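Bear in mind that the values in this text are calculations on the coordinates, not laboratory data. Since we're looking at a predicted model, the values are computed, not measured. Ideal geometry is used to build each Cβ from the backbone, glycine not excepted, and the neighbour counts take in all protein chains shown.
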Amino acid sequence: MAEVASPVAAFPSLETALKHYFGYDQFRPGQRSVIEAVLKNQDALVIMPTGGGKSLCYQLPALLKLGVMVVVSPLIALMQDQVDSLQDNGIAATCLNSAIAFETLRQREADLLAGKIKLLYVSPERLMSAGFLELLSQLIQTVGVSGFAIDEAHCVSEWGHDFRPEYRQLSVLRAKFPQIGVMGLTATATERVRSDIAQQLRLCDPLIQVSSFNRPNLFYEVRPKGRDGYQQVQRQVKQHQGSGIIYCLSRKRVDELAQRLTADGESVLPYHAGLSDDTRRENQTRFIRDDVRLMVATVAFGMGINKPDVRFVIHYDIPRNIEGYYQESGRAGRDGEPAHCSLYLAYGDVATAEFLIGQKPNQDEQRIARQQLRQMVDYAEATVCRRRVQLSYFGEFLEGACQQCDNCINPPPLEDWTIEAQKFLSCVARCQERFGMAHIIDVLRGSKKQKVIDLRHDQLSTHGIGKDRSVDEWRLLGRSLLHQRLVDETTDGYPVLKLNAASWQVLRNQLAVQVAIPTDFVAGPATDTSPSDDAPEVTQLLTGLKALRKRLADQQSVPPYVVFPESALRQMARTRPQTLEAFGQVSGVGSRKLAQYGEVFTDAIRQFCADHGLASDPGAGGRRPRPSRERRQTVGDTHRLTLELYRQGRSLQEIADQRGLKASTVASHLERLIHQGEAVDIDQVVEPDQQRTIRSALAEMEGASLTEIRDRIGAAVSYEDIRLVRAMWHRDRASG
């Protein structure tokens, strides 16, 4: 059985406990204040984006308080994944659910009552059963309950994107156990949903922690989906590296897409509610453990996925609402590394979504769903920064452009539409802020519809003053005003436009309005398809460390990221720690991980360094530092052999073939030799004209990355050419 934690007094600070249990040196934004509140038994409502560290907000307090932390989680796969990760980290955690055999269930209950468990994961259905409530009472009287954590708390609100009626019953926790603190946690919640969560869970004077919803490592884009939609997706999948998820609207489309991708040689599995429980569970497990690269799924594949190293998410069909899209696209890049999110827009898919909404039996649900779908279409058609539209939906304002979306990378031209905006906002005011965008546009364009006449809006001074603009142009302006927060809109299913302070600034000529005029959709660059600025040996070592992680994970029947997240492997590859002391400094390496994996990983790193004539490289941060005395001393026999073959007139590829290396590795050997001061004639590799071009770019863009330099010069120049010329350029400057 894994160790049971000591109380908080055993550690001089929360940071010390954080490093001991989880291997991190500092808290992420918002975590510390929540943990301090939970340690004081205060209720809390935690809104943190995917990958923001919500779980730690209850996991660390569970280890520092007496008793058991009870965590309510909606999916068996999700809770099992959390338990696996905690147990691998030496933390006593378990779960109770319907998939567990009776004998195992009784043993886990006995371990709970014996005080051997610190975190218990249960489903809301299990928690509400009479037997479990009785078990809770016994726990309180024996080992104690340190708190209740309600994960995916948006499920409690009918205004959330994934409402689950069974979550409504969780208020019984406050009624039956008023002395125990309750915390709700979710990645997304509008202000209305946050209020509803607090009310439904009966939180008492809770600490409310709302972190930024901005995920700067994600690149967002929208692509038009033509008749060759499958070919578009297939090409994009081939461009990306790493694991990916493709979301589809229907089970039929999931199966079709998965079959075609499989036939074309991709490693892919399907996931939807039409598959058996065993098949879904097996497919998800194989994806999480990197046995397959792609998962094609419906939104049923949502909260159950806890894989941190998903490098891209593609929505083949338009999502139902912005909140759901934020959650689903947010499955990418949970490890903080760059990831790519693409949405394919086809108006036939919008019509399909509207048809499905029409099948809902409840008229109020239909009304809300239609408004949410329209907001999603507005997002897809937006010409402003996509991140700004997303954040605005959650009540957060982004200053400037994100430079991480297609609209920021390829901005459409701007035009001054201040006069048109004044007409639009004036019409909203004349209509007494009681109508939506469609009616305002009707009035502006002088419509004679019966509704306009019955309301006597044909007699307003704004009736017909916008005849010179089309419906589409007015709709473009209306969306732009909403995205720029120059006008507000109610979100209760009746989308009514409301003026705000900025609206009056526009009307008083105190604020100009710029509107981005749409051009043909242009796909932004895939952030993870360009080569990294890491040295080739870093990339090569990272590949080896991933393979080692996969072997260790398979031996333990756990997902690879349970052993170490990719961010930790990348830091290892960049700094090459060869002692246990140095390995313990890697972010994500705690006491347990150091003892469990330290030797095997440092052995692998030492062997790699010996094979390639490398030494530890602390502080490099993954980018090539300027040459230092210590760095010059790392040149070994492998570099000398490369130099000898090079001086015989052999090309990089010939040397690579003879030595069983990559051409990029051979180039890195020569680069290091140049830094050491060896005479390397790069004229036999790089044409003099190209050298001059590269040197000119280096002079203009000092400090720029390889990718930035290559973007300036053009794809005809290789990264190896730039590396060699840059090495000579630095050496010449140092000697000059």
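Please report, in debye to the nearest 20, how large the charge dipole of segment 380-468 is about its Cα centre when each Lys and Arg carries +1 at its beta carbon and each Asp and Glu carries -1 there.
420
Restricting things to Cα coordinates, could you compute the convex hull volume per residue of the chain in Å³?
195
Restricting to bridges with both residues inside the chain, how much of the DSSP beta-bridge set is antiparallel, in percent to the nearest 5?
Once the DSSP bridges in the chain are tallied, antiparallel ones form about 10 percent.
Name the trypsin sites (Lys or Arg not before Pro) in segment 390-460 that are in a loop by DSSP and that have at most 16 other C-beta atoms within 10 Å, would you?
Answer by residue number: Arg434, Lys448, Lys449, Arg456.
What net charge do the residues around Val496 carry, taking every other residue with its C-beta under 12 Å from that of Val496, with Lys and Arg at +1 and Asp and Glu at -1?
My count for the surroundings of Val496 gives -2.
So for the pair Glu381, Asp689, with labels modelled 7 Å out along Cα→Cβ, what separation do we get in nm?
The modelled label-to-label distance comes out at 4.9 nm.
Lysines within cross-link reach of Lys360: Cα-Cα under 24 Å, excluding same-chain residues under 8 positions apart?
Straight-distance partners of Lys360: Lys252.
If you take every residue apart from Val34 with its C-beta less than 12 Å away from the C-beta of Val34, what net charge results, scoring Lys and Arg +1 and Asp and Glu -1?
For residues surrounding Val34, the net value is +2.
Can you find, among Ser329, Asn407, Val237, the residue farthest towards the positive end of the dipole of segment 218-409? Put +1 on the C-beta of Lys and Arg, -1 on that of Asp and Glu.
The one lying farthest along the dipole's positive direction is Val237.
Whats the longest run of the chain with zero GluC sites (Glu not before Pro) that are DSSP loop and have at most 11 other Cβ atoms within 10 Å?
Longest run free of exposed loop sites: 1-398.
What is the calculated FRET efficiency for Arg712 to Gln107, with r their C-beta to C-beta distance and R₀ = 60 Å, to the nearest 0.05?
0.40
Counting helices only, and only those DSSP H runs with n ≥ 4, report the 222 nm mean residue ellipticity of the chain as the sum of -39,500 (n - 2.57) divided by its residues, in deg cm²/dmol to the nearest 500.
Helix-only estimate at 222 nm: -14500 deg cm²/dmol.
Which log10 I(q)/I(0) values, to two decimals, does segment 416-516 give at q = 0.19, 0.21 Å⁻¹ under the Debye formula with one point per Cα?
-0.87, -1.06
Which whole-Hz couplings ³J(HN,Hα) result when phi for each residue of segment 592-599 is put into the Karplus expression 6.51 cos²θ - 1.76 cosθ + 1.60, θ = phi - 60°, listed in order with x for Gly and Pro?
Running phi through 6.51 cos²θ - 1.76 cosθ + 1.60 with θ = phi - 60° gives 5, 4, 5, 5, 7, 10, x, 5 Hz.
State the answer as a single residue: which of Tyr561, Phe583, Gln359 lies farthest towards the positive end of the charge dipole of the chain, with beta carbon charges of +1 for Lys and Arg and -1 for Asp and Glu, about the Cα centre.
Working it through, the farthest residue towards the positive pole turns out to be Gln359.
Given a Förster distance of 25 angstrom, what is the FRET efficiency for Asp611 paired with Asp291, based on the Cβ-Cβ distance and rounded to 0.05?
E(calc), rounded to 0.05, equals 0.30.
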